[in-house]
Amino acid sequence: MMGGHPAAIVSSAARTNAGGTRSSETAAIELFGVTKVFGEGPSATPALGPLDLAIETGSFVSVVGPSGCGKSTLLRLIAGLEKPTSGRLRRYGDDLDGPSRKVGIVFQDHVLFPWASVLENVMLPAEVLSLPKAAALERAHWLLELTGLKDFASHKPHMLSGGMKQRAAFCRAVLADPQLLLLDEPFGALDALTREELSLELSRLWQDLGRTALLITHDLGEAILLGDRIIIMSDRPGRIRLDMRVDLPRPRDVNTMKDPRFIEIHQIARDLLFTRQRN
Ligand code: ADP
């Protein structure tokens, strides 16, 4: 996974993207009739589903929905951190059985270790997954450069801004070059300007890395700006209310939000989010 120069990973992925043929016969993620209920008896909380969903390899899918509708539960199921109450999940054609090194996760809370430097934090998966040290170190430096953190490699997290901490968390999540990147409200704790800037940066990085990504967010604009596809969830237990392709060209930038098609998609999804359904 870590072999070769890190840039080699980028150029081959970029070629795939440039050709516009990102698909593969095997979906990255498939859900069949998945439900999740927390607890039992009268205090049981149906959190999700039933849900059927397939996520194309190489695509960026954004999931939006009201608070408490089961978005994080969906992400945790896909990450293998939770088991479904019923139904089946497959990752790259295989039945899912727990967490995998092929999956990288970025949470809202960056969870960087305060006593370790930025570089040491980014290198953490190398230790945990026993990756070849030299190649991992080369990739870590490359990622820090890519995300503008090169000069902060030896800084401790408390010396970084919120946006920089999230960049470092992103570097750590992709150090092992995961096939699938799961993003759970990664910009949730940031101010609006940093949030916009960072989401556009992530969009570019994702294109360079050429991996499959699933973003959970309550921010509709962010979902559309980043996604190839947006999925709008219902109130709890979360089900799919809208599954829509975002046919906006890439690379995207701040002007994308002024594109009539962006505004149209935003309007359709917003109307749906505001007309809350009864389950
Ligand atoms: P969202 O991410 O959309 O805000 P969550 O997936 O976090 O929603 O939660 C969906 C529902 O499941 C909520 O009602 C929440 O209280 C409940 N829930 C989530 N995790 C647990 C848990 N570990 N135990 C019990 N209930 C939970």
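The values are calculated or read from the model by the stated rules, or taken from the named source; none is laboratory data. Every value quoted in this text rests on a predicted model; they were computed, and no experiment measured them. Note: ideal-geometry Cβ built from the backbone for every residue, glycine included; neighbour counts use all protein chains shown.
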Restricting attention to segment 178-193, the residues that are more than 13 Å from the ligand (Cβ to nearest atom) and surrounded by fewer than 19 Cβ atoms within 10 Å (Cβ to Cβ) number exactly 5
Kindly list the number of the only condition in (1) closer than 24 Å to A153 by Cα; (2) crowded, with 16+ Cβ neighbours inside 10 Å; (3) touching a residue at least 40 places away in the same chain (Cβ under 8 Å); (4) out of contact with any Pro (no Cβ under 8 Å at 6 or more places or on another chain) that fails for S62.
(1)
Does E40 meet the test of being under 28 Å from L209 (Cβ atoms) and surrounded by fewer than 19 Cβ atoms within 10 Å (Cβ to Cβ)?
no
What's the number of the only condition in (1) away from the ligand (no atom under 15 Å from the Cβ); (2) modelled with pLDDT under 95 that S72 fails to meet?
(1)
Test: residue in segment 241-257 that is closer than 25 Å to P66 by Cβ, within 16 Å of the ligand (Cβ to nearest atom) and not in a strand (DSSP E or B)
no
Considering each of A27, A18, A14 in turn, give the residue that is outside any strand (DSSP E or B), surrounded by fewer than 14 Cβ atoms within 10 Å (Cβ to Cβ) and modelled with pLDDT under 95.
A18
Please determine whether any residue of segment 214-229 is surrounded by 16 or more Cβ atoms within 10 Å (Cβ to Cβ), in contact (Cβ under 8 Å) with a residue 24 or more places away in the chain, among the aliphatic types (A, V, I, L, M) and touching a Pro at 6+ places or on another chain (Cβ under 8 Å).
yes
